[in-house]
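Since the structure comes first, as structure tokens, the remarks are kept for the end.
No lab work stands behind these numbers, since they all come straight from the coordinates. All values reported here derive from a predicted model rather than from experimental measurement. Note that each Cβ is placed from the backbone with ideal geometry, even for glycine, and that neighbours are counted across all protein chains shown.
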Amino acid sequence: MQVIFGGAFNGKRAYVEHHVQGRSVQWMDAAEDTQTLLSDTEMVVVFGVENLLEPQLNKWLGQLEQWNKTIEVMVIATEIGRGIVPMEASMRKLRDDVGRFYQQLFTKADRVTRIWYGIAQTIKGDDWDEDLHKNG
């Protein structure tokens, strides 16, 4: 499993789109789509998990682990834990729930890459670009 994370509008999706070109990829919005894969999917890219609360996050974590046994799984994760602490209790809870989910997700991931204004930095696992140069 791979995780690509960073702030909003920092180039995460463009980075992923570049690296999955030519593959049979199913894009899935965690907040809207059901957890059903199409039959020809070789890779699933899940985004929007930062919009879910704890019960849904736990369900998604289990599903991602299950899919990861048979296909490639990539999660695009938007960082929401930095900056100003929200005044509303519900927004603080969301931030805390997502932060705990990310900790579990990053622990289970084989590769974690941070995107900061379009610049990729692999912080866990092999560098993706190095792997591409080694294999082709």
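Restricting attention to the range 11-35, and to residues there that are more than 12 Å from V45 (Cα to Cα) and either of a type in the set (G, A, S) or touching a Phe, Trp or Tyr at 6+ places or on another chain (Cβ under 7 Å) (or both), which single residue is surrounded by the most Cβ atoms within 10 Å (Cβ to Cβ)? If we take residues in the range 11-35 being more than 12 Å from V45 (Cα to Cα) and either of a type in the set (G, A, S) or touching a Phe, Trp or Tyr at 6+ places or on another chain (Cβ under 7 Å) (or both), then G11 is surrounded by the most Cβ atoms within 10 Å (Cβ to Cβ).
For the range 73-94, a residue qualifies if it is more than 19 Å from G11 (Cβ to Cβ), of a type outside the set (V, I, T) and buried (at least 17 other Cβ atoms within 10 Å of the Cβ), and exactly one does: L94. Scanning the range 38-51 for residues that are assigned to a loop (DSSP other than H, G, I, E, B) and either surrounded by 14 or more Cβ atoms within 10 Å (Cβ to Cβ) or at positive phi (or both) returns T41, G48. Total residues in the range 32-51 satisfying the condition of being over 13 Å from the mean Cα position of the chain (by Cα) and of a type outside the set (D, E, K, R): the figure is 7.
Annotation: of all residues in the range 53-86 being outside any strand (DSSP E or B) and of a type in the set (D, E), the one that is farthest from Q104 (Cα to Cα) is E79. Between V25, V85, the distinction of being in contact (Cβ under 8 Å) with a residue 12 or more places away in the chain and not basic (K, R) belongs to V25 only.
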